[in-house]
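The structure appears right after this line, and notes come after that.
The values are calculated or read from the model by the stated rules, or taken from the named source; none is laboratory data. If you're wondering where the values come from, they're calculated on a predicted model, not measured in any experiment. Positions of Cβ are generated from backbone atoms using ideal geometry, with glycine treated the same way; all protein chains shown enter the neighbour counts.
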Amino acid sequence: MSLLLEFPHMAQSVVRGVYEMRRPRDTKRSTGWVIERNARLYPQDTAILFEGTTLNWLQFNQLVNRYSDMFKARGITHGDSVAVMMENRIELLATAIGLNKIGAIAGLLNTNLRGEALTHCVKSVSAKKLVVGEEMLDAVHEIRTELPLANGAEDYIFITDSGETLCPDWCFNFTGILDTFSTENPAETGDVTLNDPCFYIFTSGTTGLPKAAVMSHGRWYKAANGFGRVGSHIKHSDRFYITLPLYHNNALTLAFGSAAMVGASVYLRRKFSASQFWQDTREYNVTAFIYIGELCRYLLLQPEKPDDGDNPVVKCLGNGLRPDLWMEFKNRFNIHRICEFYALSEGNSAFTNLLNKDETFGACLSPYTVVNYDIQNDEIITDERGFCIPIKKEQTGLLLTEITAADAYDGYTDKEASDKRILHNVLKQKDCYFNTGDLIKQIDVGFSFGLPHYQFVDRVGDTFRWKGENVSTNEVETVINHHPDVEYSNVYGVTVPGCDGRAGMAAIKLKGKSFDLASFAQNLDQQLPVYARPLFIRLLNEMEVTGTFKLKKGTLKEEGFDPGQVSEQLLIRTPGGQGFEPLTDQLHQQVLGQQLKF
């Protein structure tokens, strides 16, 4: 379809989407309002398909209402927080929206977390209750005594899954009495505004344990319109494939939100499967899907088939698709529109590839600036007046997004952590910007209505992205530094050929000459999620720091894991390996040649 043929619908979508995006924050709109509207406008149209179950919008709204009624009966009211730990399934959406309908907040827990990190997340959102799926019982049971919740059924709500495990005596079995609760729309939904928080989305942030980013109904509503109507041109007739975890904004806000905003349907999968992906799109007539860069890479790694391009998908929405894979992915699978975007869970603005330009995350309609940044010393460069210096067109710089009434900053539940991301007097006195912590560069995309288009370059400071997850270097360093053989560590991300994001590497100074690698690897496995565990180790003689005793990462990142540049001992944890081994020239060449699949 040419841009000319597409333009009438595109123009209509953009106008409507932009109008909805700019609604005042005190407007009575919410996730629950959208679901109720869909039940009224499209009652018999399919809302969700999941593992053999199909619900129309009326049925889904009624299910959500039963959850709302249950939470009200359990004493949950406007502004309360409830932690939720469940894999992708209809019940997770019903739980989250059910809470939202009565003005409560769903704290969506990463199902990979265990132990201290999971305990921290529940505590950090001051959860009044914890909803636990049958499939997550073991993880929650392990930390129950550490939580500020009663150990009985008063504070734990059980949602059945396969039915193989019965509700334990320390949980309230909601599923068993689901039908006793009301299907009527709760009156409270009419009082929820765009300014109210709806979700807590956990992000690694830049330091420490995971932080709870505040997602307001306004940001959900704005993103669903911006990425759905404006960027992806999602229509009521579309079917959105969601295979990313719903505890992330990509799936919950961008995919489900975009579909819900226009009453489109969703095909929900519990977990991503590269081998089943295109078969699913054909079987369920999927026209759009949500991606992260890793998902696209996994699909490209699948053996080529003659019918790769014979699928119903015409558009996809996501972030992290590398420029060097973009055209191969687009052409092999015959995808017309790739709506790459740039946004942060805790941020206040977003970039969208509205014009369907290749190899870019697009442009931003909100105020922002890109400024000079000293990567080596990890600091912003300022002029003699103390103001930031905007970059020239061909340069790479740090993205800062202006905080205004229209582009409010919700931040984290932790005010101190939120304030650290705010910069004042950036370009002039009394202005205020959010520091994204990301480096971007402008690229030439031809005619673009005068809107500069950008590519993502790197994440600065203390966070990098691997396997679609943010990794806090501070959190990893804390775990490593607790090992008895380690004096200090410096963690950073390094580029691995053929992989999206950056793999973890730790430069370590030992206390002595001994290093128990077996116990070290075992400790990482016990304390960190898979995506946060370093794959490379560099044993340093001395740890280099700045004048203010800040660990230097610039040179370490540049030298990476190349034995030709590094004189100290290098170690590697090969895919599937139980521990670390010396990184030989042969292994290094296997990494470069992509013979080792991380």
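When V82 is tested against (1) in contact (Cβ under 8 Å) with a residue 40 or more places away in the chain; (2) aliphatic (A, V, I, L, M); (3) surrounded by fewer than 24 Cβ atoms within 10 Å (Cβ to Cβ), just one condition goes unmet, and that condition is (3).
Has region 493-504 got any residue that is over 27 Å from Q595 (Cα atoms) and either buried (at least 18 other Cβ atoms within 10 Å of the Cβ) or in contact with a Leu (Cβ under 9 Å, 6 or more places away or on another chain) (or both)? Among the residues of region 493-504, not one is over 27 Å from Q595 (Cα atoms) and either buried (at least 18 other Cβ atoms within 10 Å of the Cβ) or in contact with a Leu (Cβ under 9 Å, 6 or more places away or on another chain) (or both), which makes the answer no.
Could you list, in sequence order, all residues of region 303-325 that are of a type in the set (D, E, K, R) and either outside any loop (DSSP other than H, G, I, E, B) or in contact with a Pro (Cβ under 8 Å, 6 or more places away or on another chain) (or both)? Steps first, answer last, please.
To start, the set of residues in region 303-325 that are of a type in the set (D, E, K, R) comprises 304-305, 307-308, 310, 315, 322, 324.
Matches in region 303-325: K315, D324.
Can you name every residue in region 79-124 that is within 21 Å of Y221 (Cα to Cα) and small (G, A, S)? Within region 79-124, G79, S81, A94, A96, G98, G103, A104, A106, G107 qualify.
A quick yes/no check of all residues on (1) of a type in the set (A, V, I, L, M, F, W, C); (2) part of a helix (DSSP H, G or I); (3) closer than 15 Å to F199 by Cβ; (4) out of contact with any Cys (no Cβ under 9 Å at 6 or more places or on another chain):
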| position | (1), (2), (3), (4) |
| --- | --- |
| N110 | no, no, yes, no |
| E116 | no, yes, no, yes |
| H120 | no, yes, no, yes |
| M136 | yes, yes, no, yes |
| I143 | yes, yes, no, yes |
| A153 | yes, no, no, no |
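To keep it simple, each residue is scored yes or no on (1) within 30 Å of E134 (Cβ to Cβ); (2) at pLDDT 95 or above; (3) assigned by TED's automatic domain parsing to the domain that holds M136.
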{"position": "R270", "(1), (2), (3)": "yes, yes, yes"}
{"position": "A288", "(1), (2), (3)": "no, yes, yes"}
{"position": "I292", "(1), (2), (3)": "yes, no, yes"}
{"position": "C296", "(1), (2), (3)": "no, no, yes"}
{"position": "L317", "(1), (2), (3)": "no, yes, yes"}
{"position": "G320", "(1), (2), (3)": "no, no, yes"}
{"position": "N331", "(1), (2), (3)": "no, yes, yes"}
{"position": "H336", "(1), (2), (3)": "no, yes, yes"}
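Select, from A127, A73, A117, A153, the only residue that is in contact with an Asp or Glu (Cβ under 9 Å, 6 or more places away or on another chain), aliphatic (A, V, I, L, M) and surrounded by fewer than 17 Cβ atoms within 10 Å (Cβ to Cβ). Outline the logic, then answer.
Values: A127 fails: surrounded by fewer than 17 Cβ atoms within 10 Å (Cβ to Cβ); A73 fails: in contact with an Asp or Glu (Cβ under 9 Å, 6 or more places away or on another chain); A117 fails: surrounded by fewer than 17 Cβ atoms within 10 Å (Cβ to Cβ).
Exactly one residue qualifies, and that residue is A153.
Screening L300 on (1) closer than 22 Å to F449 by Cα; (2) in a helix (DSSP H, G or I); (3) not hydroxyl-bearing (S, T, Y) shows it passes everything except condition (1). None of G386, G362 is in contact with a Leu (Cβ under 6 Å, 6 or more places away or on another chain) and not hydrophobic (A, V, I, L, M, F, W, C) except G362. Residue-level check: of (1) of a type outside the set (S, T, Y); (2) outside any loop (DSSP other than H, G, I, E, B); (3) over 14 Å from the mean Cα position of the chain (by Cα); (4) buried (at least 16 other Cβ atoms within 10 Å of the Cβ), F341 misses just (3).
Looking at region 102-114, which of its residues are buried (at least 23 other Cβ atoms within 10 Å of the Cβ) and of a type outside the set (A, V, I, L, M)? Of everything in region 102-114, those that are buried (at least 23 other Cβ atoms within 10 Å of the Cβ) and of a type outside the set (A, V, I, L, M) turn out to be G103, G107. Looking only at region 369-396, filter to residues that are within 26 Å of D324 (Cβ to Cβ) and free of Cβ contacts under 8 Å to residues at least 40 places away in the same chain; which one of those is surrounded by the fewest Cβ atoms within 10 Å (Cβ to Cβ)? Going through the qualifying residues, I end up with K392. Any residue at all in region 276-297 that's acidic (D, E), outside any loop (DSSP other than H, G, I, E, B) and in contact (Cβ under 8 Å) with a residue 40 or more places away in the chain? Among the residues of region 276-297, at least one is acidic (D, E), outside any loop (DSSP other than H, G, I, E, B) and in contact (Cβ under 8 Å) with a residue 40 or more places away in the chain, which makes the answer yes. Pairs meeting the criteria (first residue in region 156-173 and in contact (Cβ under 8 Å) with a residue 12 or more places away in the chain and over 12 Å from G133 (Cβ atoms), second residue part of a strand (DSSP E or B) and among the polar types (S, T, N, Q), beta carbons under 9 Å, at least 6 apart or on different chains) are lacking.
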